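Below is one structure; the comments refer to it alone.
The values are calculated or read from the model by the stated rules, or taken from the named source; none is laboratory data. The model shown is predicted, which means the values in this text are computed figures rather than measured ones. We place every Cβ from the backbone using ideal geometry, glycine too, and count neighbours over all the protein chains shown.
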Amino acid sequence: MNYLNSEQIKEACPSAFTQGQSTHLSKVYNHIPTTTVIDILEEHNWKPVQALQGRSRRDSTHLRPFKKHILRFRNPEFDSLSEQINDTFPEVIVTNSHDGKSSFRFHIGLFRLVCSNGMVIADKSFGKYTILHKGLKSFDIVDTIGDITRNIPHVVGRVQDMMSHQLELSQRKQFGMDAVEKRWGDGREVDIDQLLSINRNADSSNDLWTVYNRVQEKLIGGGLNTSIKHGDKVIHNKTRKVNSIDENIRINKMLWELAESYLN
């Protein structure tokens, strides 16, 4: 595994290296550079494997150093667990911004090697980890890392439960329809067969884990045929790739929660 060095992170995610807060923030805001969290994670053997910074067409140059960003970390001590869940690696995911709109948020993630696809585990399943900039202490981060680390074997066990749970055709279609409704609400029609389609041999199984992965990849990656009614007209289009950090995490957590509901 090739881990990112500081220069690679800075190139992909310059806001992680911002050393001062935005001028519109009050003195109550305690600026903590994301590099501080990166260093603490690395001290506990969690190494960065991906870094991204949020962008939009309306970005102002002076705001870019404070934009929301996301980093994924992997611990080689847990690599052996990936063999138990088909080359899927446990990860720690960190999101942050320096514009006062976001605290440090830590998430449990899974990275599926076969499709280079990253997932995020729902807060309801294994806890919510949020650390405010105001009064942040290094031991808060260490405690959070410890909690996440202790939960990872349980996440792996949940994945194994999904892998052993087969879905009939009607259940697969229902899973797809449930995912569409939770993603867009009422009113949008999606080609469910396309949503459930198999892109690679490794995704040919119909267990819950594989079906969940097929749906997740397409909801995040875009390209689905959809239609929406506007009065007497029906507008056909294709979904776009999800580039928003917040929306990506929301969809991922929603899908994990949905998949878990099929185990009950």
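Before moving on, here are some points about what is shown:
- The residues on offer are G109, G127, G100, G118, and the sole one that is of a type outside the set (V, I, T), buried (at least 19 other Cβ atoms within 10 Å of the Cβ) and at pLDDT below 90 is G118.
- The set of residues from segment 245-264 being assigned to a loop (DSSP other than H, G, I, E, B) and either surrounded by 14 or more Cβ atoms within 10 Å (Cβ to Cβ) or touching a helix residue (DSSP H, G or I) at 6+ places or on another chain (Cβ under 8 Å) (or both) comprises Y262, L263.
- For segment 175-195, the set of residues classified as crowded, with 18+ Cβ neighbours inside 10 Å and of a type outside the set (G, A, S) consists of F175, V180, R183, V190, I192, L195, listed by residue number.
- Residue-level analysis places R214 among those that are surrounded by 14 or more Cβ atoms within 10 Å (Cβ to Cβ), among the basic types (K, R) and either free of Cβ contacts under 8 Å to residues at least 60 places away in the same chain or in a loop (DSSP other than H, G, I, E, B) (or both).
- Any hit, segment 242-256, residues being among the charged types (D, E, K, R) and free of Cβ contacts under 8 Å to residues at least 24 places away in the same chain: yes
- Picking from residues in segment 134-174 that are of a type in the set (K, R) and exposed (fewer than 14 other Cβ atoms within 10 Å of the Cβ), the one that is nearest to N86 (Cα to Cα) is R150.
This table checks each residue for (1) under 19 Å from N117 (Cβ atoms); (2) in contact (Cβ under 8 Å) with a residue 24 or more places away in the chain.
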residue: I152; (1), (2): yes, yes
residue: V155; (1), (2): yes, yes
residue: Q160; (1), (2): yes, yes
residue: Q171; (1), (2): no, yes
residue: Q174; (1), (2): no, no
residue: M177; (1), (2): no, no
residue: E181; (1), (2): no, no
residue: E189; (1), (2): no, yes
residue: N199; (1), (2): yes, yes
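- Lone qualifier among A16, A12, A51 - being in contact with a Ser or Thr (Cβ under 6 Å, 6 or more places away or on another chain) and at pLDDT below 95: A16
- Here segment 225-244 is the region considered, the condition is being surrounded by 13 or more Cβ atoms within 10 Å (Cβ to Cβ) and more than 20 Å from the chain's Cα centre (by Cα), and the residue that is farthest from Y212 (Cα to Cα) is I228.
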